Amino acid sequence: MYELLSDLLEKNGLVTAFAFVGVIVWISYFLSAKLTKGRLHGSALAIIIGLILAYFGGLATGGKKGLADIPLLTGIGLMGGSMLRDLAIVSTAFGVDFAEIKKAGAPGVVSLFAGVIVSFIVGAGVALMFGYSDAISLTTIGAGAATYIVGPVTGTALGATSEVIALSVAAGLIKSVLVMTGTPFVARLIGLNNARAAMVYGGLMGTTSGVAGGLAATDPRLVPYGAMTATFYTGLGCLMGPSVMYFAIRALVE
Amino acid sequence: MVIYGVAILAACFLVGMFVGDVLGALLGVKANVGGVGFAMLLLIFITNYLRKDLRLNLASEHGIAFWSAMYIPIVVAMAAQQNVVAAVSGGPVAVLAGTLAVVVSFALVPLISRIGPKGEPLPDVLGSEDAQ
């Protein structure tokens, strides 16, 4: 009996994922209303529960994809993978006012460059504090503080050690998890309630998953604006990492 | 028909991603540069144009609105497949580098938002997550 059921769930992974995520969202909205009187938004709670489950999924399987490594729940990988995620992000642009995007063009571009440069400086600074002194390692860890894609791309291009590349990926993952969970708590403080601030936020944070999750948990209407700028961040980081940022950091430490 | 909306969305997605890939290749970067952003702009222009001509009917709009409404569940699934174990086992360098980058970036949001005229807060909508 059990085997029949698990075969069924495994074979229809995506459908299983729909049902499973539906239950997580339902529990989250229930807890949000009962325990926090709606103060902690249901979607914020759902994302946090998702991350906690990903942690235990990773511990249980030793894999890299959280819950999606559990055979019964591989559909989570498809449902939350980049294809459907990006399709859903694009769909949120439906009904967006283009005038808003044009108005925030200049601060959006500034935020992109500021976001990439600040992340590199902060990441490299921390690495320096912990005793790394060669420009390649400093740049790679700084790149990881940009996003977990910029880190390994930069590290590979510069020929960093695999230990440093792994560190840069971990730094990027921490950033993405923190942006997902922290945004709803600081949103009021940083004035994240309008299209322009959302575009600046997207450009500064840059991590697509972090921005997607953080804005979903804050106000889903801000998603298209934040996603619009964030989508340029990783490309810009990969462009600047092994070139401008590396030369600048090398000039400073050597 | 619903499929028209889904097809328009899919076509915008593919064209935007292709532009992002080409731009990445031209810049010599191993990443898609702005694909999602180009796709969004394309969707905004196309749906605005079709709306004015009244050629995009309600059912077709539902094809796009459905994916928009699935956004949060999809993000929850995305959260559930993050490599959280690797994130927390990266040690103090990774944790501190990632955390400080987020804190400093958060702090810069109000500063950079001040460039140009002030942004208007979105109007309060009751149960905005249902309105999406």
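The values are calculated or read from the model by the stated rules, or taken from the named source; none is laboratory data. In this text, all values refer to a predicted model and were calculated from it rather than measured experimentally. Positions of Cβ are backbone-derived with ideal geometry, glycine not excepted, and every protein chain shown enters the neighbour counts.
Scan segment A:153-183 for residues that are touching a Gly at 6+ places or on another chain (Cβ under 7 Å) and hydroxyl-bearing (Ser, Thr, Tyr) and jot them down.
A:THR154, A:SER168, A:SER176, A:THR183
Which one of these is buried (at least 21 other Cβ atoms within 10 Å of the Cβ) and either touching a helix residue (DSSP H, G or I) at 6+ places or on another chain (Cβ under 9 Å) or not hydrophobic (A, V, I, L, M, F, W, C) (or both): A:ASP86, A:ASP69? First the steps, then the outcome.
Working: A:ASP69 fails: buried (at least 21 other Cβ atoms within 10 Å of the Cβ).
After ruling out the rest, the residue left standing is A:ASP86.
Among (1) within 29 Å of A:LEU40 (Cα to Cα); (2) among the hydroxyl-bearing types (Ser, Thr, Tyr); (3) more than 7 Å from chain B (Cβ to nearest Cβ), where does A:SER209 come up short?
Condition (3) is where A:SER209 drops out.
Going through segment A:1-56 one residue at a time, which ones are farther than 26 Å from B:ASN83 by Cβ, in a loop (DSSP other than H, G, I, E, B) and not hydroxyl-bearing (Ser, Thr, Tyr)?
Matches in segment A:1-56: A:MET1, A:LYS37, A:GLY38, A:ARG39.
Scan B:VAL75, B:VAL15, B:VAL22 and give me the residue that is buried (at least 24 other Cβ atoms within 10 Å of the Cβ), within 22 Å of the chain's Cα centre (by Cα) and either within 22 Å of A:LEU236 (Cβ to Cβ) or within 7 Å of another protein chain (Cβ to nearest Cβ) (or both).
On the way: B:VAL15 fails: buried (at least 24 other Cβ atoms within 10 Å of the Cβ); B:VAL22 fails: buried (at least 24 other Cβ atoms within 10 Å of the Cβ).
Going through B:VAL75, B:VAL15, B:VAL22 in turn, just one is buried (at least 24 other Cβ atoms within 10 Å of the Cβ), within 22 Å of the chain's Cα centre (by Cα) and either within 22 Å of A:LEU236 (Cβ to Cβ) or within 7 Å of another protein chain (Cβ to nearest Cβ) (or both): B:VAL75.
Provide a single number: the residues in segment A:98-119 that are outside any loop (DSSP other than H, G, I, E, B) and either more than 9 Å from chain B (Cβ to nearest Cβ) or more than 16 Å from B:VAL104 (Cβ to Cβ) (or both). Outline the logic, then answer.
At the first step, the residues of segment A:98-119 found to be outside any loop (DSSP other than H, G, I, E, B) are A:98-103, A:105-119.
When the remaining residues are screened for being either more than 9 Å from chain B (Cβ to nearest Cβ) or more than 16 Å from B:VAL104 (Cβ to Cβ) (or both), the result is A:98-103, A:105-109, A:112-113, A:116-117.
Residues that pass the stated criteria total 15.
So A:ARG196 passes all but one of these: (1) touching a Lys or Arg at 6+ places or on another chain (Cβ under 8 Å); (2) within 7 Å of chain B (Cβ to nearest Cβ); (3) closer than 28 Å to A:LYS65 by Cα. Which condition number does it fail?
Result: A:ARG196 fails condition (3) only.
So A:GLY95 clears everything in (1) part of a helix (DSSP H, G or I); (2) surrounded by fewer than 21 Cβ atoms within 10 Å (Cβ to Cβ); (3) more than 7 Å from chain B (Cβ to nearest Cβ) except one condition, right? Which one?
(1)
For segment A:55-75, which residues satisfy the criterion of being β-branched (Val, Ile, Thr) and either touching a residue at least 60 places away in the same chain (Cβ under 8 Å) or not assigned by TED's automatic domain parsing to the domain that holds A:ASN12 (or both)? Quick ask: steps written out before the conclusion?
Filtering segment A:55-75 for residues β-branched (Val, Ile, Thr) gives A:61, A:70, A:74.
Across segment A:55-75, the qualifying residue is only A:THR74.
Here's the yes/no breakdown for (1) in a helix (DSSP H, G or I); (2) buried (at least 24 other Cβ atoms within 10 Å of the Cβ):
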site: A:TYR148; (1), (2): no, yes
site: A:GLY155; (1), (2): yes, yes
site: A:SER168; (1), (2): yes, yes
site: A:ILE174; (1), (2): yes, yes
site: A:THR183; (1), (2): yes, yes
site: A:GLY191; (1), (2): no, no
site: A:VAL200; (1), (2): yes, yes
site: A:GLY203; (1), (2): yes, yes
site: A:VAL211; (1), (2): yes, yes
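So in segment A:43-64, with the set limited to residues that are surrounded by 14 or more Cβ atoms within 10 Å (Cβ to Cβ) and over 20 Å from A:LEU178 (Cβ atoms), which one is farthest from the chain's Cα centre (by Cα)?
A:THR61
From (1) under 25 Å from A:ILE149 (Cβ atoms); (2) in contact with a Ser or Thr (Cβ under 6 Å, 6 or more places away or on another chain), pick out the condition that doesn't hold for A:GLY13.
Checking A:GLY13 against (1) under 25 Å from A:ILE149 (Cβ atoms); (2) in contact with a Ser or Thr (Cβ under 6 Å, 6 or more places away or on another chain), the one that fails is (1).
If I filter segment B:25-40 down to residues being assigned to a loop (DSSP other than H, G, I, E, B) and at the interface with another protein chain (Cβ under 7 Å from one of its Cβ atoms), which single residue comes out as nearest to A:MET240 (Cα to Cα)?
Here is the first cut: in segment B:25-40, the residues assigned to a loop (DSSP other than H, G, I, E, B) are B:28-34.
Of the ones still in play, those that are also at the interface with another protein chain (Cβ under 7 Å from one of its Cβ atoms) are B:29-34.
Values: B:VAL29: 10, B:LYS30: 12, B:ALA31: 12, B:ASN32: 14, B:VAL33: 13, B:GLY34: 15 Å.
That would be B:VAL29.
Got at least one residue in segment B:46-54 being within 27 Å of A:THR234 (Cβ to Cβ), in contact with a helix residue (DSSP H, G or I) (Cβ under 8 Å, 6 or more places away or on another chain) and within 8 Å of chain A (Cβ to nearest Cβ)?
Kept after step one, since they are within 27 Å of A:THR234 (Cβ to Cβ), are these residues of segment B:46-54: B:46-47.
In the following step, the residues that additionally are in contact with a helix residue (DSSP H, G or I) (Cβ under 8 Å, 6 or more places away or on another chain) were identified as B:46-47.
Imposing the further condition that a residue be within 8 Å of chain A (Cβ to nearest Cβ) reduces the set to B:47.
Yes: segment B:46-54 contains one or more residues that are within 27 Å of A:THR234 (Cβ to Cβ), in contact with a helix residue (DSSP H, G or I) (Cβ under 8 Å, 6 or more places away or on another chain) and within 8 Å of chain A (Cβ to nearest Cβ).
All but one of (1) in a helix (DSSP H, G or I); (2) within 8 Å of chain A (Cβ to nearest Cβ) hold for B:GLN82, so report the exception by its number.
Condition not satisfied by B:GLN82: (1).
Which condition from (1) at the interface with another protein chain (Cβ under 9 Å from one of its Cβ atoms); (2) under 19 Å from A:PRO220 (Cβ atoms) is the one that A:GLY172 breaks?
Looking at each condition in turn, A:GLY172 falls short on (2).
Kindly evaluate A:GLY155 against the criterion of being in the same structural domain as A:ASN194 (by TED's automatic domain parsing), at pLDDT 90 or above, more than 19 Å from A:LEU178 (Cα to Cα) and not basic (Lys, Arg).
Values: in the same structural domain as A:ASN194 (by TED's automatic domain parsing): yes; at pLDDT 90 or above: no; more than 19 Å from A:LEU178 (Cα to Cα): yes; not basic (Lys, Arg): yes.
When the stated conditions are applied, A:GLY155 does not pass them.
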